[in-house]
Every structure is written in structure tokens, then in C-alpha cells.
Amino acid sequence: MRKQLFAAILVLLASPAWAEWHERTDAIMGTRIYVELWGEDSAKTEAAIDAVMDDMRRIDQLMSHYKPESQLSQINARAAQEPVQVDPELFDLIKLSTHYSIITEGAFDITYASVGHLYDYPHHVKPTEAQIKAALPGVNWRNMLLDEANHSVRFEHQGMRIDLGGIGKGYAVDHGIGILQARGFQHALVTAGGDSRIIGDRMGRPWVIGIRNPDDKNQVVTRIPIVNSAMSTSGDYERFFDEGGVRYHHIIDPRTGHSASKVRSATILGPTATETDGMSKTAFVLGAEKALEIINRMPQYDAIFVTPDGKVLYSNGLAPPDEKPKPDAKAPAKH
Ligand code: ADP
Ligand code: MG
């Protein structure tokens, strides 16, 4: 009996740590990064989370427009004078962002920053109409020359700037998921600010992600169960200030240089976070009606909007049962 107990203890000690959920929160890219994954080996799982966080820091060093030494800042400093060569990874993301500009007819445009940099939300600074008018010609992705052979970027207009704030976090999330998949993990969530991607389920149950009330961060307007999907939300409550009854916030309509105001938040669900991140700005700028018309034609995407009067609108794939067309109640019963 004693021998058996001793053997059982030995087996317990020799077996790897219990499979369990591991999670970590960090602050990178000026936002909250959260990683949660199911791991059978505690050391390997923690090492995988380290690798995801390190990769987020690497991407931030490369692409941040807040860091003067980043390659992206080098583009902004010099590309109006000469072609600026950058790493293929940064070049490819800039190129991808122009693809989004094409398919959104310019609603998504990283050169929005030519006007966008005139806003300083924490200090309640906004450009005058004259400043917007002067800067607006710099907003046009077509004036960005991309040389594929040299991985270089050149601006054809003085005063042009770019920033990848509208797609970089989604890209970093997809990269993080790629790192976890390469290490064999099958159940994970990676979040960077408003951009998330999920692989697998939560052991037989979906992950549930809440969409917050634009006016109260402690309240959700709806909850969405998701598995194997990415999801991005753009809201007018992330970086903003109010003045004279107008909300000045960080999602800019490239056509006007003003903050877009058709919705309070736009959420997109789709296969990758790079896609959903790019599309959430587009949906925000276009507004619910136009964006739903487009998204309802694309089966791989879904959308949820919170409108200025507090309504929650869903794309067809997510419509709650009570909003789906009902069978006619007065129709005669069949015998
Ligand atoms: P988060 O930064 O939390 O991921 P969003 O995904 O909504 O929030 O991205 C907002 C950012 O997108 C802005 O801070 C800005 O950097 C960028 N941006 C704003 N308007 C546009 C636009 N029309 N096209 C491309 N990028 C934009
Ligand atoms: Mg985002």
C-alpha cells in the first residue's frame, strides 16, 4: 500500500505541469496587449507569451510614428526629398494599406496623417479650417510612390505624412497568433487595443467578446460569441476631446480632414486582424448604411455598429432572431 502511494506520487512529480489557461497583460504600442492561451507545459506556454510580447515591441520600434528613430518616422522626415528604403516587412504593410485605399475608394488612407498630425487630443488641439485646407492635398495615397525592387517609399507632395495606427495593431495581433500557431498552440486569444484574434474555442465553448457602450466603458451594448475569428472595433471614445458640442476624435475622414461622425463605433469580424483593423476605420468613415451594404455582400465579414442615437445595427450574418424577417402570423395554417 505504502509502495503504491509512493509510486503514485512519483508519477505525479514526473508528469508535466497541468494543462491550464495562461494569461498576461502588457502595455505596448501605446495600448493594452492581452494574451491568453491554453498550454500543457507551463514553461513553454510562458515562453510563447514572451515571444508574442517581444514581437509586439519589435513591430512598434519599426512602425511607430511616435518614435523618431523608427523607420516609419524616417519616411515622414525624408520621403518628400528622396526615396527612403525600409525593411520589406514595413514596405509590405504600407503596400497592403494602399490596397485597402483602392477597395475603400480612399476611406482608409494612411496619408490621412498629413492632416491627422495637426490634432493633439490630450491637449485639446485641433487645426483651423485654413490649416485643414492647406494640409488636405497631402492626403492622397496615390502620391506615395512605392518602389518594389528597392523597398523604398517616396512622397510626391511636400507636407505628406503617413501613420499605420489604423492597421498596425491588427498586423501585430496576426503576427502574434502566427507565433503561437508555429509553436503548436491551438486555443488562444491575442488582443492589442481594439483588435483581437482568436484561434480555436474555449474548450468546447466560444470566446465571448463585449462591445462597449460608447458613453460608459463599464457597460456593454452587446456580446458576441466567437471562435476562430478576428474582430476590431473603432470608436469615437478612444482618443478625443469635446468642444462646442462637437467630438474631435482620432478617426479622420480623409476627404474632409474632420473626425468622422456617422457612427459612434464600428466593429468588424473577419478572418484576420489586419483585415478587420483596416476595415473598422473604413466602416466608421463610411457610416452604417453604406458599410452594411458592402459587408452584406461579403460572406467572410460581419459588422456591428452603434449609431449616434444608441441603436445597435448588425450585418445579416449576426442579426438577432427577433430582427430577422418573421413568417406572416396571419397566414392560414396548413392542414
Ligand atoms: P486602435 O488604435 O485602438 O486600434 P482604431 O483601430 O480605430 O483604434 O485605429 C485608429 C487609428 O487609425 C487612428 O489613431 C489613426 O492612427 C488611424 N486612422 C484614423 N483615420 C484613418 C483613416 N481614415 N485611414 C487610415 N487610418 C486612419
Ligand atoms: Mg485598431
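The values are calculated or read from the model by the stated rules, or taken from the named source; none is laboratory data. Everything numeric here is computed off the predicted structure, so don't read it as measured data. All Cβ positions, even for glycine, are placed from backbone atoms using ideal geometry, and neighbour counts span all protein chains on display. Accessible surface is based on the protein model in full, side chains and every heavy atom, while ligands, DNA and RNA are left aside. Shrake-Rupley method; radii C 1.70, N 1.55, O 1.52, S 1.80 Å.
A few notes on this one:
- Phi angles across region 224-231 convert, under the Karplus curve 6.51 cos²θ - 1.76 cosθ + 1.60 with θ = phi - 60°, into 3J(HN,Hα) values of 10, x, 9, 9, 6, 7, 10, 8 Hz, Gly and Pro given as x.
- Carbon plus sulfur fraction of accessible area for region 103-224, probe 1.4 Å, in percent: 48
- Using bins of 10 Å that start at zero, the share of Cα-Cα pairs per bin across region 138-296 amounts to 10, 32, 33, 19, 6, 0, in whole %.
- Long hydrophobic helices in the chain, taken as whole DSSP H segments with a C-alpha length of 20 Å or more on their own axis and mean Kyte-Doolittle hydropathy at least 0.5: 88-103.
- A 1.4 Å probe run over the protein chains yields, for the chain, 53 Å² of accessible area per residue, whole-number rounding.
- Net +/- balance of residues flanking Gly39 in space, Cβ distance below 15 Å, scoring K and R +1, D and E -1: -3
- Net charge, Gln61 excluded, C-beta distance under 14 Å - Lys, Arg +1, Asp, Glu -1: -3
- In sequence order, calculated HN-Hα J values of region 198-205 (Karplus, 6.51, -1.76, 1.60; Hz; x Gly/Pro): 10, 10, x, 10, 9, 6, x, 10
- Evaluated at q = 0.16, 0.17 Å⁻¹: base-10 log I(q)/I(0), Debye formula over Cα of region 42-161: -0.84, -0.92
- Cα-based convex hull volume of the chain per residue, rounded to whole Å³: 207
- Among residues other than Leu286 with Cβ under 10 Å from its Cβ, the summed charge is -1 (Lys and Arg +1, Asp and Glu -1).
- Signed unit charges on C-beta, dipole axis of region 54-110, positive-most listed residue Val86, Ile75, Ile103: Ile75
- Each of His258, Thr272, Asn213 was placed along the dipole of region 213-281 (beta-carbon charges, centred on the mean Cα), and the one lying farthest toward the positive end is Thr272.
- With Cα atoms defining each centre, region 128-148 and region 185-207 are spaced 38 Å apart in the structure.
- Ellipticity estimate at 222 nm from DSSP helix runs (n ≥ 4, -39,500 (n - 2.57)) divided over the chain, nearest 500: -10000 deg cm²/dmol
- In terms of distances greater than 25 angstrom between alpha carbons, the cross-link table entries Lys67/Lys95; Lys44/Lys281; Lys290/Lys311 yield Lys44/Lys281.
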